[in-house]
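Below is one structure, written out as C-alpha cells; comments come after it.
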Amino acid sequence: MSLEVKDLLVIRGAFSLEADFSLQSGRVLVLLGPSGCGKTTLLRAIAGLEPIQHGTITLDGARIDGLPTEKRNIGFVFQDLALFEQMRVEDNIGYGLSVRHENKKHIHEKVLFLARRFRIEHLLKRYPPELSGGERQRVAFARVIASEPSLMLLDEPLSALDAPLRREMRRFIRRQLAEGHLTAIHVTHDVEEAIDLADEIIVVRDGKMVGRGGIEDLEKNPGSGWLARFMNLGLVLPVTKISPADGLGPAFEVRTIAGTVSYASPEGGADVSALTQKACLYVPSGAVASAGAVGTAKIKAKVVRSIRNTLSVPKLVLMIPEEENYYFELPLKGDGPDIYQEGTDIELSINTRLCQLLPEDPPLCL
Amino acid sequence: MGREITSRRLSLFLYIALCGILVFSMSPLVAFLKIALGHLGEINKSSAAVGTFSSLLRRIPVSTILRSLTFTLLQSFVSTLLALSIGLPGAWLTARFRFVGRKALLALAAVPFCFPPILVILAFILYYGKEGLLSSALALFFGPRKQYQGFLYSFWGLVMVHAFYNFPIAVHQIAALWIRIPDTQMEAARTLGASKLRAFRTGTLPWLLPGIAQAAGLIFLYCFFSFTTVLVFGGRIGTTLEVEIYQALRYRSDYALALVFAVIETSFALFGILALTRIQGRARKSLRDFGRSRELAAPKGLQSLFIAVYGIFIAVFFIGPLVSIVIEAFKVPSSMGGTTQFGLGNFERLIRGFQAPLPGAILSTFKFSGAAAVLATVAGLVASLALFFAEKSNRNRFVPRLIGPLQWLPMAVSSAIFAYGWLFLSSNRVASTALVAAQAVIAWPFVSRAVHASLHAIDPRTREAAKTLGASPLRAFLTVELRTILPSVASAVAFAFSITAGDVNVPLMLGMGEVETLPLLLYRLTSAYRFNEACAAGLVLGLITGVVFLLKEKVIDVA
C-alpha cells in the first residue's frame, strides 16, 4: 500500500512539525533524526494518535486523516512495545483479530501460524513479563502483523536492546517486512540502523525534513554540514574565510580551521556567493586519502584511535587539533602504514574536486 | 570481628525495640481481655451458669449482633460505592487535565485527616439540615417546603456524610496512579482496531484497578470503624459494631459483650486489611512499573464543561458545608428574636462567658495531643528503624513478620478497646494518661509507615558512596539516611498531632470529666444545640489541625 503525506502540520505547544513525502508500496522508509526532532510525532500523526492542524494523509489513494485510529488499519510497534501485560502471549497476538470479532478457530490458527513463523510457539501460554527482550520484540511484531495492516509504523522498537540483539532484530525485521511485502516507516536515531533497514531515508531536525533519499544520495549531497556530521558521512570543517583565488576560473581559497583548500564549485555544491550564513567544507570519506598520498590539499589531524581488527572495517578516529570536541572516522583502505599510533599528528590529503562548500545548518524547508 | 559486634548490637537493638513496641501495643488489649474475662467469671458465678466461654456465647444477643453487623457492612459498602462514584471522575480530571482548582481538588484529600469527623458532622447538619443553608437557599428558589424533614438522620444521610467525607481519598489515591499510567497500551489497542472503551478496558483499567481497590479498601475500613457519624446520624436506623462496643462499655458496663463485638469487628477488619495489603502491594508495583507522571493536557469543549459541572457539584455539596462552619461561627443569634448579626460574639462567649471553656480546651488539646504525638513518634521511629534494619540484614525475618501486622493493629481493633485497656492499666483513675497512651497507640503506625517508606526511598548507592569515601556504617547512617528522613519524621509528627488533636472517639469513650479537649467541647456544644458556638470552637480546631497539616504538606514535605 502506498502512502502519501501532503502538507502536514502538527503543532504541540511551542513545537511544530511539517512533513510532505510519499512512500511507494512495499518500501521501507526510515525517519532518522536526533531525539526530540519530531519523528515519533510524525508517526503518531499518521496513526491518528496526534491531532493534525492541516494536511492530508492518503493510504493507497484513500484519505485516512479523518478516520479514528482504530479504522486506519495501521500497525504500530511502540518504543516500549506496549504489550498487554495482563494477557498471555497468544491473546496479545490475537487481540487485533478478536476486536474484529473474527471466529475463534480462525484466530487460533492465525496465532499459531505467526507463532511458528516468529519462532515463539513455545511462549504462547506465557505472560509478557516472563519474556526476554528479544522475545517481547517478536511478540509485539507478530501482534501487529496478525491484523494484516496496510502500513507498519515502527517507533524505535529496538532502542532498549543490547547491541548484539539489536543487530539480530534489525535483520529479523527487515526479513519479515520484505517477505510480507509490507510498506513500513521505521523511526530511529541510529545511523547504522537506518542504513541497515532503509530503502529510503528522511532526516528530520527540529520538526523539519532536512534530507531525503538513499544513503548514497545523502552521501553525495547532504545539503548541510549538520546532516553530514550527524550521519558521519565524512569530514566537516568549519570555514573561517572564503576569498577569490588568484588565476583563472571560478576558484576560491577556502580557509578552514585545519588548513586552506583551493576550491572550485562543483556540481551539487552550494553556490559560494549564496552562502550568506555560516559555511563549512564537506569532505566525503571517499575524498580523503591517508598521509603520503598525492592530493591537492592537506589537512592536519591527530589520531585518537586506530581500529584494526577482523570484526570491523579498519578505521581511524581522528580529531582536528583546533577543534577538540569534533571527532570523525576515516575508513582505512587496506592495512595502512603503522604510523597511525594513537596521538600521532598526521596530514590528510584530500581530493578537493569531491569536496562541497555547504551551509552549516540545513535549509528551513526541503 | 568488628562486623560481628555491630551485628550483635543491631540484633540486640531490634529485640529491645520489638519488646517495647509489643508491650506498648498489646498491653491495653491484654488488660482489657483480663478485665472482660474476669467480668464474665463474676457473671457466671452469680447466675450459677457454666463458667466457660460457651456460656457467654449463649448470652450473646445474636439478633443484635447480626443486625449490627449487617448494618455496619451495608453502610460501609454503600458509602464506599458512593465515595468512589464521586471520586472517580475527580481522579480522571486531575490525572489528565490542567485546570483552575485542580490542586485545590487534590488538596481536599487533607480534609478527612485534618478536619475531625465531629466538625464535618456539624458542617453537614448546618448545611443539609432542616434549617440548613442549602435548604434555605433552595427555599428561595422553590418556595418553602413544609413537609421537608431533612434526610440527614436516615441511612442515606449517614451514607452521604461518609461518602463526602471520604471521596477526596479516592480522588487523591486513584489520581496518583492514573497520572503515571502511560497511554501507550491504550493506543496500541486502538491501532489494533479496538474502540475507545475497549482500548481503555485493555490498556488502562487493569493498571488502574489496584488503585481503585486500594482507595475502596481504605474508605471501607474507615466507614466500617465509623463511630461519631453513626452515633449522631444513625441512631434511628441502626448502629455499627463500633457504636455497640461503646454502648456496651459506657452504658451497660458489659465488658464481655463489648469483647464479643470487638472480636467480630476485628475478625472482619483483619480480613479487609489482609485484602488491602495485597492490593496495596499490586498498586505499588504499578507505580514502580511506570516512570514519571504524564503531561497534563488543556481541556477542550465538552471536557471543560464537565470540569465546570464537577467543580460546581463539589463546591455546592462538599465545600458548601465547610463554608457554612465559617459563616455560622460568626453569626451571632439574637436572644429576643431580633435580627441575626455577624461578629465575634460566639468566640467571646467561649473565651469570657460562663466557664470560658475555649482557652482550657485549646490548652488541653495541645497538651494531650502534643504528648501523644511525641510518644507516637518515638514508638513509630523505633519500629520503622527496627523493621528497616531487620529487612536490610535479611537474616532476621521474625521482626518484619511481627512489626508488619502490628502496624495495622489500630485499623483492626476498636479504639474503645484501646482506650478502656489503658484506663484499666491506669487503675481507672488517670484518664488523661489513658487518653495520651491510647491516642499514641492509634497514631504510631502512621509515623512508622511514613518513616519506613522514606527509609526505603533512599537510594542505597548514596550510602555505599559514603562508605567508599571512608564513612563508617554508623557515620554513613547518621549523615546520609538519618538526614534524609528527618523531614519525613517531622511530617509524621505533624500528622500524628493532626489526627490526635481531632480525635473525639477516645476522649468520648473514656467519658472524661476532668479535662475537655477541643473535639470534646465541640461535641458537647453540638449536643446542646449551641451550633454557633460549636462552629466557633470547630473553626479554632479546624484552624489548628489545618495549619499543622498545611505546614506538613507545604513546608516539611517539600523540604
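Quick look at the numbers
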{"item": "A:Glu360-A:Ala178 FRET efficiency (beta carbon distance; Förster radius 51 Å; 0.05 resolution)", "result": "0.85"}
{"item": "Test item: A:69-78 mean partner chain Cβ contacts at 10 Å", "result": "5"}
{"item": "Calculated P(r) of the protein assembly as shown - Cα pairs past 36 Å, %", "result": "64"}
{"item": "Positive-end residue of B:Ala91, A:Leu3, B:Met160, charge dipole of the protein assembly as shown with Cβ unit charges", "result": "B:Met160"}
{"item": "Kyte-Doolittle mean at least -0.5 and Cα axial length at least 15 Å: DSSP H helices in chain A", "result": "A:133-146"}
{"item": "Estimated 222 nm signal from helices in chain A, with DSSP H stretches of n ≥ 4 weighted -39500 (n - 2.57), rounded to 500", "result": "-6500 deg cm²/dmol"}
{"item": "A:Ala62 paired with B:Phe77, simple spin-label distance in nm, labels 7 Å along Cα-to-beta-carbon", "result": "5.0"}
{"item": "Cα→Cβ-extended label distance, 7 Å offset, between B:Ser293 and A:Phe113, nm", "result": "4.8"}
{"item": "Coil-residue GluC sites (Glu not before Pro) of the range B:421-520, DSSP, other Cβ within 10 Å capped at 12", "result": "B:Glu514"}
{"item": "Reciprocal mean inverse distance between Cα atoms of chain A - Kirkwood radius, Å", "result": "22.9"}
{"item": "B:Ala139 versus A:Asn309: modelled label distance in nm, points set 7 Å from Cα along the beta carbon direction", "result": "9.0"}
{"item": "Once exposed loop GluC sites (Glu not before Pro) are cut out (DSSP; at most 11 other Cβ, 10 Å), longest piece of chain A", "result": "A:1-266"}
{"item": "Reach of A:Lys6 by Cα under 18 Å, taken over aspartates and glutamates that are not fewer than 8 positions away in the same chain", "result": "A:Glu18, A:Asp20, A:Glu50, A:Asp60, A:Asp65, A:Glu200"}
{"item": "Descending semi-axes in Å of the range A:118-273, equivalent ellipsoid built from Cα gyration tensor", "result": "46, 16, 11"}
{"item": "Rounded to 5, percent antiparallel among DSSP beta bridges of the protein assembly as shown", "result": "75"}
{"item": "Rg/Rh for the range B:183-302, where both radii come from Cα atoms and Rh is the Kirkwood radius", "result": "1.21"}
{"item": "Intensity falloff of the range A:1-149 expressed as log10 I(q)/I(0), Debye formula with alpha-carbon point scatterers, at q = 0.09, 0.14, 0.18 Å⁻¹", "result": "-0.34, -0.78, -1.10"}
{"item": "B:Ile417 - accessible surface, heavy atoms, 1.4 Å probe, Å² rounded to 10", "result": "10"}
{"item": "At R0 = 51 Å, FRET efficiency that the Cβ-Cβ distance of B:Leu274 and B:Lys103 yields, to 0.05", "result": "0.90"}
{"item": "Neighbouring partner chain Cβ atoms per residue of B:194-200, average, 10 Å criterion", "result": "3"}
{"item": "Computed over chain A: relative contact order in percent, which uses C-alpha pairs under 8 Å that are six or more apart", "result": "16"}
{"item": "Farthest positive-ward along chain A dipole, Cα basis, beta-carbon charges - from A:Leu31, A:Ala178, A:Ile120", "result": "A:Ile120"}
{"item": "Order of exposure, largest accessible area first, which applies to B:Ser364, A:Ser132 with probe 1.4 Å", "result": "A:Ser132, B:Ser364"}
{"item": "Rotationally averaged projected area of the range B:410-462 (alpha carbon convex hull; nm²)", "result": "4.5"}
{"item": "Distance violations [Cα-Cα > 25 Å] among A:Lys39/A:Lys302; B:Lys392/B:Lys467; A:Lys39/A:Lys110; A:Lys220/A:Lys278; A:Lys208/A:Lys278", "result": "A:Lys39/A:Lys302; A:Lys39/A:Lys110"}
{"item": "Cleavage-rule hits, chymotrypsin sites (Phe, Trp or Tyr not before Pro), the range B:220-254, DSSP coil, Cβ neighbours within 10 Å at most 16", "result": "B:Tyr251"}
{"item": "Solvent exposure, largest accessible area first (probe 1.4 Å, DNA, RNA and ligands not counted), of A:Arg136, A:Arg167", "result": "A:Arg167, A:Arg136"}
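The values are calculated or read from the model by the stated rules, or taken from the named source; none is laboratory data. Just so we're clear, the structure is a prediction, and the values are computed from it rather than from any experiment. Don't worry about glycine lacking a Cβ; one is built from the backbone with ideal geometry, like all the others, and counts go over all protein chains shown. Heads up: the accessible areas ignore ligands, DNA and RNA and are worked out on the full protein's heavy atoms, side chains in. Shrake-Rupley method; radii C 1.70, N 1.55, O 1.52, S 1.80 Å.
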